[in-house]
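A.B. asks: Dropping a structure here in structure tokens format, bear with me for questions.
Please treat every number below as a calculation from the coordinates, not as lab data. Computed from a predicted model, the values in this text were never measured in an experiment. Note: ideal-geometry Cβ built from the backbone for every residue, glycine included; neighbour counts use all protein chains shown.
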Amino acid sequence: ITIFADTPARVIAGNFLHVPLLGGTTKNEGDIFVVGAELLAAGIVVPDLTELLADLETQSMTPAVFPDISPRPDIRAYHASEIPVVFGTMPAPSTTEKALSQFVQSAWVAFARDPAQGLVNIGWPQYSPNATTLAQIGNFFNQTGITFTQGQLLDFTCNSIPTLLAVSAQLTALLSVGASL
């Protein structure tokens, strides 16, 4: 990777590669990190607080959760949990996992073969935050493929971080009072 000292100037000038990019995150990207921090700090895990704090970190496109991939029930679609689905290396895949894995692999191949139109050709539109183009892979409504929503709808928690931090502080205070009783 080449890193330039003048990256902001390059972006403003449009001096960067103008090529298609396929990117994404898992729905609960931060779960694994929040749980790790909780374990280090207190030795216990409070699932509701885990969910709240993890939602502060990111919103995403891969909400799929599979029991044989997730090591604990309170860790949902966490950072890198999609890797076994992408490469088909789940330990004991269900029929649903196999179908989702095959779909994801076909999407990656379509993109690799034709970055400009490969995904469009399989019904996956180019992303626009104000249009129904954010692909949610393996969600409740289509566990073996994709559904689309508006990106701005999933940015709600990102736009609500001050409120969520205040609620988190209140929950932490209540938990510490409860623990001292």
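A.B. asks: Run the quick spin-label model on Leu174 and Asn142: label points 7 Å from Cα toward the beta carbon, then report their separation in nm to one decimal.
C.D. replies: 3.8 nm
A.B. asks: For the pair Ala131 and Ser94, what calculated FRET efficiency results from E = 1/(1 + (r/R0)^6), where r is the Cβ-Cβ distance and R0 = 25 Å, to the nearest 0.05?
C.D. replies: Result of the calculation: an efficiency of 0.15.
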